[in-house]
């Protein structure tokens, strides 16, 4: 039951005016978490259990294969530069961002795939061809060289803000996975600088890098909570 108390002069109160609850102006409520996540964690303040973490890891590895295969197919079809990492970043971020929603509807489980976007950003910023080089000195040359780092920071910030907006209390901890995977990503960078590249080897190293990234984040999460 709601009670309305009028504070003011009695003569200013119009007794014959009645305002119904349905007449109050209000914005339509949309449950953003239900739309984006499809299936929300039952207990948001519980650390993800082992079964969930295994599902997330398997889903992440699978989406990396799908994203890299789609990027390679797009380069071949449209005859794009095979050494440019931008196409791969777009595909990996797309499958990583949409994976949680799609897999949630398909499995009726909370399958968190957003860490794929973080790892894709790390591979992008470390790629030898990520920076846009120019032969003509200009005031924009410095920004062009720093563009991959800016993209990396924007993806990390968007990830953190999305987790906070959707009340994903522990999932932000995947931002702590970068230090562990840096050595593997450096090895991947060396493979990418070779004249005769080996795509299968690069994909395998990407798997290892994501596995180390994921394990580092989980260890931090268990240590922190």
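Points worth noting:
- Of the criteria (1) modelled with pLDDT under 75; (2) over 24 Å from residue 209 (Cβ atoms); (3) surrounded by 11 or more Cβ atoms within 10 Å (Cβ to Cβ), which one residue 35 fails: (3)
- Screening the stretch 86-102 for residues that are in contact (Cβ under 8 Å) with a residue 60 or more places away in the chain and crowded, with 17+ Cβ neighbours inside 10 Å and picking the one that is nearest to residue 172 (Cα to Cα) gives 100.
- Residue within the stretch 67-77 that is at pLDDT 85 or above and under 16 Å from the mean Cα position of the chain (by Cα) present: yes
- Whichever residue in the stretch 105-117 is out of contact with any helix residue (DSSP H, G or I) (no Cβ under 6 Å at 6 or more places or on another chain) and part of a helix (DSSP H, G or I) and, among such residues, is nearest to residue 216 (Cα to Cα): 107
- Checking each residue in the stretch 198-225 for being free of Cβ contacts under 8 Å to residues at least 12 places away in the same chain and not in a helix (DSSP H, G or I) picks out only 198.
- Among residues of the stretch 164-181, those that are surrounded by 16 or more Cβ atoms within 10 Å (Cβ to Cβ) and without any contact (Cβ under 8 Å) to a residue 40 or more places away in the chain, counted: 2
- Qualifying residue in the stretch 172-193 (condition: assigned to a loop (DSSP other than H, G, I, E, B) and farther than 19 Å from residue 58 by Cα): yes
- Complete set of residues in the stretch 185-215 that are surrounded by fewer than 19 Cβ atoms within 10 Å (Cβ to Cβ) and farther than 20 Å from residue 69 by Cβ: 186, 187, 189, 190, 193, 194, 195, 196, 215
The values are calculated or read from the model by the stated rules, or taken from the named source; none is laboratory data. Everything quoted here is computed from the prediction, not taken from an experiment. Cβ: placed from backbone, ideal geometry, glycine included. Neighbour counts: every protein chain shown.
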